Amino acid sequence: MGQIILLCFCSDVFWHHGVRQLDDGSYDGRCTVTQDSEGLCRLCLRNIRARDAGTYIVVAVNDAATCKQIFNVTVNSMYMYIDQCIDQSGNLFCA
């Protein structure tokens, strides 16, 4: 099974799948939420299932503003499509 990796640069972010907030360990431990010392925030969802399809939203907050990025993910029996740019490593980046 594949995985989804969504990335965003900001000090405080909140990840959602639909209306559900995603935290480290969500979805039976398949979801990992991390942030490195450079401010790179990462949502990784392993062992993708059909029910993982849908709208993923990252809300980034800092002293200057609040911003959100929406990712629409479609999962079918053989392929996973994401409506954003993906690099050669399969990572998806907030623009």
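Coordinate-derived values only; no laboratory data. All values reported here derive from a predicted model rather than from experimental measurement. Counting neighbours? That spans all protein chains shown, and the Cβs are built from the backbone with ideal geometry, glycine included.
At 7 Å along the Cα-to-beta-carbon direction for both D28 and N72, put a label point, then send me their distance in nm to one decimal.
2.8 nm
Between Q21 and A53, what length comes free when the chain is fully extended (0.36 nm per residue of separation minus the Cα-Cα distance, one decimal in nm)?
10.0 nm
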